[in-house]
Number of protein chains: 2
Amino acid sequence: MITALKRLLVGSPMTTAQARHERLAKIPALAIFSSDCMSSVAYATEEILLVLVLGGSLALQYSPPIGIAIGILVAIVASSYWQTIHAYPSGGGAYIVAKENLGTLPGLIAGAALLVDYVLTVSVSTASGVAAITSAFPALFPHRVAICVTCVVIVMLANLRGIRETGKIFAVPTYWFIGCLVLLMGGGFYHLATRGAPPPPAEVPAQEAFGLFMVLRAFSGGCAALTGIEAVANGVQAFKPPESRNASITLAWMAFILGSSFMAVTFIAYFFHIVPHPEETVVSMVARQIFGRGLLYYMIQAATAVILLLAVTTSFAGFPMLASLMAKDGFLPRQFANLGDRLVFSNGILILAGISSVLLVLFGGSTHALIPLYAIGVFTAFTLSQSGMVTHWWKEQGPRWRAHAAVNALGAATTALVVMVIAVTKFTHGAWIVVIITPLMVLGFYTIRRHYDSLRGQLTLRGFVPPKIGRHPVVVLVGGLHRGVVTALTYARAISPNVTAITVDLDPTATSRLQQQWQEWAPDVPLVVLDSPYRSVMQPVLHYIDKMEKQRDGDYMTIILPEFLPAKWWQHLLHNQTALLLKTALLFRRGKVAISIPYHLD
Amino acid sequence: MITALKRLLVGSPMTTAQARHERLAKIPALAIFSSDCMSSVAYATEEILLVLVLGGSLALQYSPPIGIAIGILVAIVASSYWQTIHAYPSGGGAYIVAKENLGTLPGLIAGAALLVDYVLTVSVSTASGVAAITSAFPALFPHRVAICVTCVVIVMLANLRGIRETGKIFAVPTYWFIGCLVLLMGGGFYHLATRGAPPPPAEVPAQEAFGLFMVLRAFSGGCAALTGIEAVANGVQAFKPPESRNASITLAWMAFILGSSFMAVTFIAYFFHIVPHPEETVVSMVARQIFGRGLLYYMIQAATAVILLLAVTTSFAGFPMLASLMAKDGFLPRQFANLGDRLVFSNGILILAGISSVLLVLFGGSTHALIPLYAIGVFTAFTLSQSGMVTHWWKEQGPRWRAHAAVNALGAATTALVVMVIAVTKFTHGAWIVVIITPLMVLGFYTIRRHYDSLRGQLTLRGFVPPKIGRHPVVVLVGGLHRGVVTALTYARAISPNVTAITVDLDPTATSRLQQQWQEWAPDVPLVVLDSPYRSVMQPVLHYIDKMEKQRDGDYMTIILPEFLPAKWWQHLLHNQTALLLKTALLFRRGKVAISIPYHLD
């Protein structure tokens, strides 16, 4: 039943031989890799306005210069990654670049930042996508958390089916979204040219003093636009040869489209005097003012929702891949390195869906609170990755290495500055959480690695003397005498010549009846009766086993528990759970093997 | 740690030899057995007024005749139980009396009604006790659910310690409560005599049409006063000899005090024109009007709260005892028949506390909704018990049996009539739930019994031929070669000459390394490599075992799983759970024994 459901939802298993890389041309590659990055256009402008409006509507006039600053930042970071693509044609994620060039600790910090980032991308993008839907259909607003979680589950199932199939569905909506952005820009500037800017609305009073700090905080919010820009550099291997060249051209296109459309939305929002609103997104307000609530408006909202949900898919590819790399290095549980039966890292996908759904529920489907956490992680990874590249060029000392190093150094310095700006201006707005979580995660990585290292040492065969088993004592635990017990006694006799039966005396009548029957069914096996003044079965049995410890021959001792297996699950509740408790207790004692001999009932 | 906490909370274990009956004189016995019954004085009057007030304040004048009717009912039921005490000196609960005289089905119906009744007594009495506290201290009203659950947990712990110790704490508060009732009556009638009745308050408008149906519904509510009256009959064995005589005298006293104080409270409430209020109990309003918010008022409230919590204790004695009787008859899971290490039926106590706490939380600490369920169960048990007594006299045909039978027949007829009145008038107020739950419970009892019966048949040794084990095949599941695996191989060789190792080929490099090492460590054991196109471990292993099935010698086959046991619990999460999954899968296959050979890590 469960298997059939799984097959229906995620498809038939695929053989290892089916794992081959689908190579992408530039047009579909741009679609796949840019959805995460492009989708941030849907909320980055809003993040700027949400901060500035605290300084009153007059402060909103600072949004264009902030938009330009972020546009420049996009250009710097993209140039920096252009170089990474050429230096790491096999894929240069921040974890690998930082680990190889800067050492394990920076690599793990980048890894922690990226893992957090992927989780937050899923939460933030889902919530923003659903916000685009609820802006168009306000009646759905109260149900946004349920819609968010449903979306995460759908994307999770799509990813459990495998990335090859999900690849196909990217191109149409991404280009549709880019088309919508062009439409929005054209329509916006046409509207401004022909009908002029609308009159400014009633002035919004300031809630906080306006100043440089607020501008920097608004800039920090807008930096969310850059999330996902590293995707191409992580996935160079997915391009058709020549991989690096195709990937870098794709990156350049992506950066251009991102920078221009983000700045355009910011400018249009400025000219239209948009004031952010909790129940409608900025993009929705802009589109509504330009096109009215007509077909074009709904088309733009739909495209925004879809691109954001595609961005979620990008994280579903990135998180499990990074987790599997870290698991292979021993920093995460090995289960993350297992390819599932559809050739995807199923455990990573499930964990990602679980954590991000919890965040969506906890934050009630509102993402503004999560964006500072998100941006600080992304820029930390950028900084470590670019710094790693500087070291890389310096180590290689190849032709024109100084020029290459300078480009990455600019990228590293700029993104480091942004990290500091975000950390300071958003510290009380949630950035402090990153300061706590990142070291804890790194500590966790080291602890896991230490465990695996110690395990290898303890399990090595070098100098190992196998234990002596010999005529090892076998103890059969007996309640009454029935088919299951006789079966267990037969098994015990077959595996050792040294069998003893023990029973706990809870009821003298039953015990003496057992002793009489014993002569008929197992006269060759001594039956030891244990007293139990406190009516416990566990205590006397464990006490007897510990006593036997001293007399045993060989290093191991076997305890046999006859168990009958009812045909229906609920019937298990009708039997004492003593066997289970006893097995658990024995697990923690060295040199004890506990065996359940099952006797199946109809 | 857990053991130490348990010892602190419930005390040291007690030996079976310590189980002796504490015999009670009449004075402490009255205290112990009457708390449940007496405590209903705290809410029974209120239940009458809550119905009548729906007919407007004029309808409240019908409370005195209803009170008198219930007083008569007390006398009839008490006379009926007087006879039960003499006929069943070993204790005649409704389950036993109905089962012995009327048959299994009526016995089980009575059992179901009583179990529900005990659960509801805990919920209703706790909630009423806490209502007495929150009436005196209205600031606590918002926290009533938390206070209720805390009280249940405290009473549960006291009962896990054992009834002997809890017995001591009964006498003082019960007599204190009786004293308070005398004080209330005296004060009330003195107030009326000297100062006359207070002027009637503003008239309350009618919400429903007043009529006979409403009077009967109010009567149904007031019947809650009788709950607990059967307690003495259940516990005759606890009295000093002559048991029956002492018990019946105690019953008479209890009935007299109950009837008179209930009627007195009803009359006083009538003369003082009390209108029920959701945040203050009727007893609290009466006491406040007579004594003001002074010391006497708080004393009465405290006594009410304490007696109600003692009533809870009565259920904590009754439920586990009844559950153990029914478990011994095979109608409930056997775990209910186990005496815990403090000589109490711990499982019953824990289950009772759990269910009643859930009810308290679900109903938000308000009990009025539960009282119809409660009363119908109690009166069903009364009816079945009294009918059983009629049959008993008829079967015995002893001296004056007709007179005895007539008394019980009157009791049975009256309580049957009350059951019908409650069922009809309260049907839409929750009594319908009883109509659903009781048959379901009885069905459950029969299902459990049928399972135990079938079990006995399937496990009988008559005609049993023990299975053949012989040179049974032992299969060792191998991942890589390490100390744990070599230990498992050594164990396998010791228990059978017919050992095979199997490994699943997930990584060709690792597999060929394993095959090379194999020659060094286990050249005598054949190593079978299983293909796994879908990278699953489970599927190929289960497939291989099913294939072996046909070739095996003997009826059993053993599968050995080497397991290493990390030193810390969280380290278990870092290892694949394949062994556990495999063991679970093997559990459902006949003739398979799965053995984990533990290798302990530091």
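Of note:
- Some residue of region B:47-67 being closer than 30 Å to B:Arg245 by Cα and modelled with pLDDT of 85 or more: yes
- Filter result for B:Phe177 (closer than 25 Å to B:Asp117 by Cβ and without any contact (Cβ under 8 Å) to a residue 12 or more places away in the chain): no
- Applying the criterion of at least 2 residues that are over 19 Å from B:Ala409 (Cα atoms) to the helices (runs of 4 or more DSSP H) found wholly in region B:31-145 leaves B:41-52, B:63-87, B:104-136.
- The set of residues in region A:555-585 that are more than 8 Å from chain B (Cβ to nearest Cβ), of a type in the set (A, V, I, L, M) and in contact with a Leu (Cβ under 8 Å, 6 or more places away or on another chain) comprises A:Ile559, A:Ile560, A:Leu561, A:Ala567, A:Ala579, A:Leu582, A:Ala585.
- Options A:Gln386, A:Gln335; residue that is touching a Ser or Thr at 6+ places or on another chain (Cβ under 7 Å) and farther than 13 Å from A:Ala127 by Cβ: A:Gln386
- Those residues of region B:486-530 which are more than 10 Å from every other protein chain (Cβ to nearest Cβ) and hydroxyl-bearing (Ser, Thr, Tyr), in sequence order: B:Thr500, B:Thr503, B:Thr509, B:Thr511, B:Ser512
- From the options B:Thr134, B:Thr104, residue that is out of contact with any Phe, Trp or Tyr (no Cβ under 6 Å at 6 or more places or on another chain) and hydroxyl-bearing (Ser, Thr, Tyr): B:Thr104
- Residue pairs meeting the criteria (Cβ under 9 Å; at least 6 apart or on separate chains; first at negative phi and within 8 Å of chain A (Cβ to nearest Cβ), in region B:464-477; second basic (Lys, Arg) and assigned to a loop (DSSP other than H, G, I, E, B)): B:His472/B:Arg552
- Residue in region B:481-495 that is at pLDDT below 90, surrounded by fewer than 18 Cβ atoms within 10 Å (Cβ to Cβ) and either among the aromatic types (Phe, Trp, Tyr) or farther than 23 Å from A:Arg471 by Cα (or both) present: no
- Residue match in region B:501-509 (condition: in a loop (DSSP other than H, G, I, E, B) and farther than 18 Å from B:Ala579 by Cβ): yes
- In the condition set (1) modelled with pLDDT under 90; (2) crowded, with 21+ Cβ neighbours inside 10 Å, B:Val275 is compliant with all but (2).
- Which numbered condition B:Ser536 fails, given (1) of a type outside the set (A, V, I, L, M); (2) without any contact (Cβ under 8 Å) to a residue 40 or more places away in the chain; (3) within 26 Å of A:Phe464 (Cα to Cα); (4) at the interface with chain A (Cβ under 10 Å from one of its Cβ atoms): (3)
- Selection of first residues in region B:558-577 that are of a type in the set (Phe, Trp, Tyr) and of second residues that are part of a strand (DSSP E or B), restricted to Cβ pairs under 8 Å at least 6 apart or on distinct chains, gives the following pairs, ordered by first then second residue: B:Phe564/B:Pro598; B:Phe564/B:Tyr599; B:Phe564/B:His600.
- So A:Gly103, is it surrounded by fewer than 17 Cβ atoms within 10 Å (Cβ to Cβ) and closer than 29 Å to A:Ser248 by Cα: yes
- Matching residues in region B:212-259 - criterion: being among the polar types (S, T, N, Q) and either surrounded by fewer than 24 Cβ atoms within 10 Å (Cβ to Cβ) or out of contact with any Phe, Trp or Tyr (no Cβ under 8 Å at 6 or more places or on another chain) (or both): B:Ser220, B:Asn234, B:Gln237, B:Ser244, B:Asn246, B:Ser248
- Just one residue in the set A:Thr380, A:Thr428 is among the polar types (S, T, N, Q) and over 28 Å from A:Leu332 (Cβ atoms); that residue is A:Thr428.
- The residues in region A:448-477 that are assigned to a helix (DSSP H, G or I) and surrounded by 14 or more Cβ atoms within 10 Å (Cβ to Cβ) can be counted, and the count is 8.
- Within region B:402-418, if we keep just the residues that are surrounded by 15 or more Cβ atoms within 10 Å (Cβ to Cβ) and not small (Gly, Ala, Ser), the residue that is farthest from B:Leu120 (Cα to Cα) turns out to be B:His404.
- Considering region A:189-211, the residues that are in contact with a Phe, Trp or Tyr (Cβ under 8 Å, 6 or more places away or on another chain) and aliphatic (A, V, I, L, M) include one that is surrounded by the most Cβ atoms within 10 Å (Cβ to Cβ), namely A:Leu192.
- Failed item in (1) part of a helix (DSSP H, G or I); (2) surrounded by fewer than 18 Cβ atoms within 10 Å (Cβ to Cβ); (3) touching a residue at least 60 places away in the same chain (Cβ under 8 Å), with B:Ser366 passing the rest: (1)
- Residues located in region A:424-437, provided they are out of contact with any Pro (no Cβ under 7 Å at 6 or more places or on another chain) and crowded, with 19+ Cβ neighbours inside 10 Å: A:Thr425, A:Val434
The values are calculated or read from the model by the stated rules, or taken from the named source; none is laboratory data. Note that the structure is predicted; figures quoted are calculated from it, not measured. Here Cβ is always computed from backbone atoms with ideal geometry, including for glycine, and neighbour counts include all displayed protein chains.
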